[in-house]
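Enquirer: Before I ask anything, here is the structure I am working with.
The values are calculated or read from the model by the stated rules, or taken from the named source; none is laboratory data. Keep in mind that what you see is a predicted model, and the values were worked out from it rather than measured. Reconstructed Cβ throughout: ideal geometry from the backbone, glycine too, with neighbour counts over all protein chains shown.
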Amino acid sequence: MQTEFTIRTQGLGLYEFTSPVRAWLQPVSDGLLTLFVRHTSCSLLIQENADPEVQTDLRAFFDRLVPPSDHPSMSYLRHTYEGPDDMPAHIKAAMMPVSLSIPVVGGKPALGTWQGIYLFEHRTAPHVRKVAAHFA
C-alpha cells in the first residue's frame, strides 16, 4: 500500500503530520511504515509533540549550527545562487533523516505518548513538500 502526503510549509519550522498518517493507516493491521521526503532541503523527524518549545529550540539549535550562507562563518560555501538559506538547508538535510521506518501495530503507528511525525522545513520561503509513504 502506497500514498503520498503533501505538506505545505510557511518557511522554517517543524510541521507535524501524524494525524494524516494515522488516518491513512486505519484500515491496516500490523507491518512497517516507511516515509521518505522527496526533497533535498528538508528532513523528517519523530519528535515531541506536547511542548512547542521543543520545536522552537530545535530550530534555534540548527540555525546556530548552520547559519545562512551570508554569515561570515559560511564564506567557504560555493552553492549560494539560490539564496542564503539554500545551501544551509542542504547541509541540515544531510545531517537529519530524510526517511523514517515506523512499526505499525493494530493499524496505528507504534509511537510513544509524546511522539509525533514532523517535516522539518529548512528553507525560509513557503514550499509544497511531498512525502512518499509505503506500508508493508
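Enquirer: Is it the case that some residue within region 104-115 is in contact with a His (Cβ under 9 Å, 6 or more places away or on another chain) and hydrophobic (A, V, I, L, M, F, W, C)?
Expert: Within region 104-115, none of the residues are in contact with a His (Cβ under 9 Å, 6 or more places away or on another chain) and hydrophobic (A, V, I, L, M, F, W, C).
For every residue, the table says whether it meets (1) within 19 Å of the chain's Cα centre (by Cα); (2) farther than 20 Å from ALA133 by Cα.
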site: ILE7; (1), (2): yes, no
site: THR34; (1), (2): yes, no
site: ILE46; (1), (2): yes, no
site: ASP70; (1), (2): no, yes
site: PRO84; (1), (2): no, yes
site: PRO88; (1), (2): yes, yes
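Enquirer: Would you call THR113 under 23 Å from GLN10 (Cα atoms), surrounded by fewer than 17 Cβ atoms within 10 Å (Cβ to Cβ) and of a type outside the set (Phe, Trp, Tyr)?
Expert: no
Enquirer: Would you point out the residue of region 1-38, among those that are over 28 Å from LEU58 (Cα atoms) and among the hydroxyl-bearing types (Ser, Thr, Tyr), that is modelled with the highest pLDDT?
Expert: So the residue we want is THR3.
Enquirer: Just the residues that are crowded, with 16+ Cβ neighbours inside 10 Å and either over 12 Å from the mean Cα position of the chain (by Cα) or aliphatic (A, V, I, L, M) (or both), please, taken from region 13-23.
Expert: LEU14, PRO20, VAL21
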